[in-house]
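This report refers to the structure that appears directly beneath it.
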Amino acid sequence: MEHIRTPKVENVRLVDRVSPKKAALGTLYLTATHVIFVENSPDTRKETWILHSQISTIEKQATTATGCPLLIRCKNFQIIQLIIPQERDCHDVYVSLIRLARPVKYEELYCFSFNPMLDKEEREQGWVLINLSEEYKRMGLPNNYWQLSDVNREYRVCDSYPTELYVPKSATAHIIVGSSKFRSRRRFPVLSYYYKDNHASICRSSQPLSGFSARCLEDEQMLQAIRKANPGSDFVYVVDTRPKLNAMANRAAGKGYENEDNYSNIKFQFIGIENIHVMRNSLQKMLEVCELKSPSMSDFLWGLENSGWLRHIKAIMDAGIFIAKAVSEEGASVLVHCSDGWDRTAQVCSVASLLLDPHYRTLKGFMVLIEKDWISFGHKFNHRYGNLDGDPKEISPVIDQFIECVWQLMEQFPCAFEFNERFLIHIQHHIYSCQFGNFLCNSQKERRELKIQERTYSLWAHLWKNRADYLNPLFRADHSQTQGTLHLPTTPCNFMYKFWSGMYNRFEKGMQPRQSVTDYLMAVKEETQQLEEELEALEERLEKIQKVQLNCTKVKSKQSEPSRHSGFSTSDNSIANTPQDYSGNMKSFPSRSPSQGDEDSALILTQDNLKSSDPDLSANSDQESGVEDLSCRSPSGGEHAPSEDSGKDRDSDEAVFLTA
Amino acid sequence: EIHTNEKEVTEKEVTLHLLPGEQVLCEASTVLKYVQEDSSQHGVYGRLVCTDFKIAFLGDDESALDNDETQFKNKVIGENDITLHCVDQIYGVFDEKKKTLFGQLKKYPEKLIIHCKDLRVFQFCLRYTKEEEVKRIVSGIIHHTQAPKLLKRLFLFSYATAAENNTVTDPKNHTVMFDSLKDWCWELERTKGNMKYKAVSVNEGYEVCERLPAYFVIPTPLPEENVQRFQGHGIPIWCWSCHNGSALLKMSALPKEQDDGILQIQKSFLDRIYKTIHRPPYEIVKTEDLSSNFLSLQEIQTAYSKFKQLFLIDNSTEFWDTDIKWFSLLESSSWLDIIRRCLKKAIEITECMEAQNMNVLLLEENASDLCCLISSLVQLMMDPHCRTRIGFQSLIQKEWVMGGHCFLDRCNHLRQNDKEEVPVFLLFLDCVWQLVHQHPPAFEFTETYLTVLSDSLYIPIFSTFFFNSPHQKDTNMHQRQLSLPLTQSKSSPKRGFFREETDHLIKNLLGKRISKLINSSDELQDNFREFYDSWHSKPTDYHGLLLPHIEGPEIKVWAQRYLRWIPEAQILGGGRVATMSKLLEMMEEVQSLQEKIDERHHSQQAPQAEAPCLLRNSARLSSLFPFALLQRHSSKPVLPTSGWKALGDEDDLAKQEDEFVDLGDV
């Protein structure tokens, strides 16, 4: 709190990005965790919440006659422009935010103060929801070829790896330790994914310290052990995800790549995914295009191509496809590495696993995948996403790219994923929000030292609790398309990759996520669910009544059922007017924003007159209004009347659509 | 979903299937049709036949086709059929060199490449064909597809004569044809335009002019004699009325004159007309001059010819070369930008009518190109009736067919003037596609309907899109039926489309009025912005006003039409088809559940019959369904490495490998 120079500024204007002449007048609040703008307009009092950890840059612009403009760019691609009347206030806000947006200690992060009012037991349960030991068991491990190794207990061999690692049975501790000494940061080859059907596996490591001529017997034995663990193939692919030029440059520094002559039966392959600096720069360029107020066709297409962003996405996908094909079609195991084996390697391994295994395309499976390939294997979340003040050159949208790859696949295979776009967007949001402890720190070791699980809550439990919001209505588990490997051409062409406006333009008024066919289906599904639950409740009640009034016949009750239950449904809708009303009735209204259950988080705020409808997404409260209306939930209370109408409309719309 | 009226399950045919009235002109055997354009010269042997309707390839081993993959099939045009009108360009390959073929050939090519207007590409190897047959088939194909043709030679007429008995008009087809006074009155009544506008029959028998339909609608106080004055030019013709009373009108410009006297006469004529429609009960009129400050037809022509090249791909090497520069090539064609401008113009007009309660008068030289495009788009956005299938067809009939769009010239069906070939109607369909794509629940039809419609432009068994005006159609179809000798069929007078011709005139005659009516452009932009933003910030009512998003990222490539033949672009078991088949499955499920409920109500028995399946094997369908049925696994360079790097200036960053930062740590 000592960093907040001024907790409240009045008569601030929030500029509408599309039509700058329109600006909402309101009050700006600075709290320990959020910047909050509350509009003065009495009928809406619309609130805009921004988490400090979401702030990417703050720019003070030249003072004009109307005041002092402040431009805030967020990591979730929201852009906020405020005009503060007094230069001094603006300066105070600016200085405060600069400090608040760049915490220096983990303890300053939101997750240490965020309290969703769960008891200790619930919190602990949340943390065990995603269990990697279970996941390895699901893959069919341990078995005759692979075993759990305790070589890294207490992080003795590699401090960025987890303690629980699977290695080939024939790899002795001596081989592992020897190999680890020959690998950058001691990240020796370990199992990432095991393909039960044909014993092929995806392994990961960092680059070898081969320089121009160095060899390491143990490392060679390690690769041989991986090959032997797959009796179906007599070779192993070694995939270096870097461009060849970069890998060669590394040799001069005593690092580099495997020499095919030294390793028996390996097939070496470069895949040119650029490094984190290129990616950071590319995203920057694409965001400049997104920032254009109303981009022309030409601005957009040129900007998109020049940013190179989609080409980078394609490169990652191409690598994933290559590996998935090697494993499923050739039955060969693959060792993947880049430089340190925690950025490109994580991207490529997880894309390949996603293509191979339908389990990772389910809600829970996807959480497991991120837990495994990203969190446990030591992806540097803290450095890449700038959670704590650090070197800006370490920041890069590595997991963002992975999330986008998943979205691109969802676009291409609309029925293959159990989750929807919103799920991806919310995960991206929380990687930066630091509201949950999952993505803190750079390794498992650091997280244990910080006692993350005892002091913070798990995002996975939160998402799981609200899973109704994240389901893809087109998905069906038993559908042939959702089983087995996704059939992609060897290298899908560039025009199959689309610009993801749902992510990068999601705060643009004109380009909000629209009510697609999918949203309609979701609304229908939700409604069905509500009705079913109501039916159940009514049946229970009926049973009770029947017990009391034994003379009531079964036939009679059956007849009265349909009419009564529809009557119940409408009356319920009209009573519930505010989000608060719903909190006690959560079950029958499965659609709510992810943090609807976390309203209590507002308790930590100093201003108690602020009621929060959506604290963690900190978006405009009408961000998803269209869809929300359909699901019988008014996002900001008080405007419930239209939602009944739209409910009716939906029925008829649906009818038109289905006959189309 | 799938247009069963055009595509049906049929028996396999090994023989050539001829339509009534169709005649074989020439053929060649042992022609090798390349299965894929890969450098691997893989192909199928067969006969290449040219009839007066199509070019057809008959594979020697037709049975090789997998039966259930051909479950859906175009009834008229087979997979290896190209109607003569669908041929765009023909190339010959001589010693590995590709040359355009036309006119008389001295030397015959060893390979024939045919680019189609529906963007298919065919490659035929003639190396194993007898020389005589090569000569006959190549010159036959070139002559029948490229040489100028007389209208009476269109296959349409032979077909109509031969198949006359078969053409029974479907009584269920409610498409309003607008070929009677009654139809126009009905439309006036539907839109409540009958208070201020009247249907007139002054042009019955095309006595006033051949450009206008026999019946049309004009403002009530306007004397019918005025129509005759300049053959229908300078007359505000009603298109549609909005619920608030404002109307969309169109007017073809008066002929350009040098003579001052005539100019004076024209001016006073127009002044009179304007006075009539400027006073109550008419709303304020805003004139929208489409020939001077909007798109030119030439721009459309140039853009499309660049754009289509992106999809006419001879071999996969070429494909992968262009793939790398996909977005910039797309941009340089500016086709998407043209779409965006059309949509924007339509929104502007919608804003005038809806928000400002103004009448809008579209002005164009002949009121038959951009007028048709813009007025149809406005109606599609404002009138939900136009978003039903019947309503959409009626709209096309009203604005395009009766509106006198020169399909014959714009599609260059007669090959008489390449300069006149402009895909205005296709541009319209692409604009509609953007709307359908952005708001699928608002339309009764799907993109597949639009794609099939765009194909039908080149199938000369439907007369809809083969005439320049209703007059031309009536005279020709009529005479044919009566078997009278045709009068010399000349295509309608040349319609130059260069803007300067009308520019001058408009400025002279209407200058003052326009400047008075057009607000400062800033204000205009603000109105537009506000209207656009406020509409998009509200939840969409699919039965009301419908506006498209026109931000750059929201205008997309109509993948189904343009990419459907490209195997590299297919997604096996994915794409929109997956969504569709999934929806059908869900509908089936709902239906069977419904049946279960019904049965429960009627009897206590459990149901046994399963609902019939609509689209089985949906997982095996590719995203190119129902058009291309090939499921070839693309055999492509295994990993294209970052060859594009030269394009960027990121070299320094690429060199700055991330681990260099902390070398000392190791």
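A few points about this structure:
- Residue among A:Val93, A:Ile50, A:Ile83 farthest towards the positive dipole end of region A:8-102, charges placed on Cβ: A:Ile50
- Placing pseudo-labels 7 Å out from each Cα toward the beta carbon at A:Ala468 and B:Lys107 gives an inter-label distance of 7.5 nm.
- Local electrostatic count at B:Thr51 - Lys and Arg +1, Asp and Glu -1, tallied over other residues with Cβ under 11 Å: -3
- For A:335-346, mean number of other protein chain Cβ atoms within 10 Å: 1
- Span from the region B:343-359 Cα centroid across to the region A:353-372 one, whole angstrom: 49 Å
- Histogram of C-alpha separations across region B:411-472, 10 Å bin width, %: 20, 44, 27, 10, 0
- Extended-chain gain in nm, criterion 0.36 nm per residue less alpha-carbon gap, B:Asp533 and B:Asp259: 93.8 nm
- Over all Cα atoms in region A:8-102, the spread is summed up by Rg and Dmax: 12.2, 35 Å.
- For B:197-207, mean number of other protein chain Cβ atoms within 10 Å: 0
- Cross-link pairs B:Lys152/B:Lys398; A:Lys525/B:Lys398; A:Lys137/A:Lys325 - those with Cα-Cα distance over 30 Å: A:Lys525/B:Lys398
- Heavy atoms of B:Trp186: accessible area, 1.4 Å probe, square angstrom to 10: 120 Å²
- Here the Karplus relation 6.51 cos²θ - 1.76 cosθ + 1.60, evaluated at θ = phi - 60°, turns the backbone of region A:381-395 into coupling constants of 4, 4, 6, 5, 10, x, 5, 10, 4, x, 6, x, 6, 7, 6 Hz, with x for every Gly and Pro.
- Taking a Cβ cut-off of under 13 Å around A:Asp150, the surrounding Lys, Arg, Asp and Glu residues balance to a net charge of 0, with basic ones at +1 and acidic ones at -1.
- Full-stretch length increase - A:His174, A:Val548 - with 0.36 nm per residue and alpha-carbon distance subtracted: 127.2 nm
- Counting Cβ atoms of other protein chains within 10 Å of each residue's Cβ and taking the mean over peptide A:298-310 gives 6.
- Two numbers describe the Cα atoms of region B:351-396: Rg and Dmax, which are 11.6, 31 Å.
- Inter-label distance, nm, simple model (7 Å from Cα along the C-beta direction), A:Asp299/A:Ala23: 2.0 nm
- Beyond 23 Å, the tail of the calculated P(r) for region A:338-468 holds 30 percent of the Cα pairs.
- Extension gain, B:Glu318 back to B:Asp95 (0.36 nm per residue minus Cα-Cα distance, nm): 78.4 nm
- Accessible surface, 1.4 Å probe, highest first, among residues A:Glu218, A:Glu536: A:Glu536, A:Glu218
- Within-12-Å neighbourhood charge of B:Ile265 [Cβ basis; K, R +1; D, E -1]: -1
- Cα centroid separation, region A:301-347 to region A:93-140: 29 Å.
The values are calculated or read from the model by the stated rules, or taken from the named source; none is laboratory data. Small disclaimer: the values here were computed from a predicted structure and weren't measured. Every residue, glycine among them, receives a Cβ derived from its backbone with ideal geometry; neighbour counts consider all protein chains shown. Heads up: the accessible areas ignore ligands, DNA and RNA and are worked out on the full protein's heavy atoms, side chains in. Shrake-Rupley method; radii C 1.70, N 1.55, O 1.52, S 1.80 Å.
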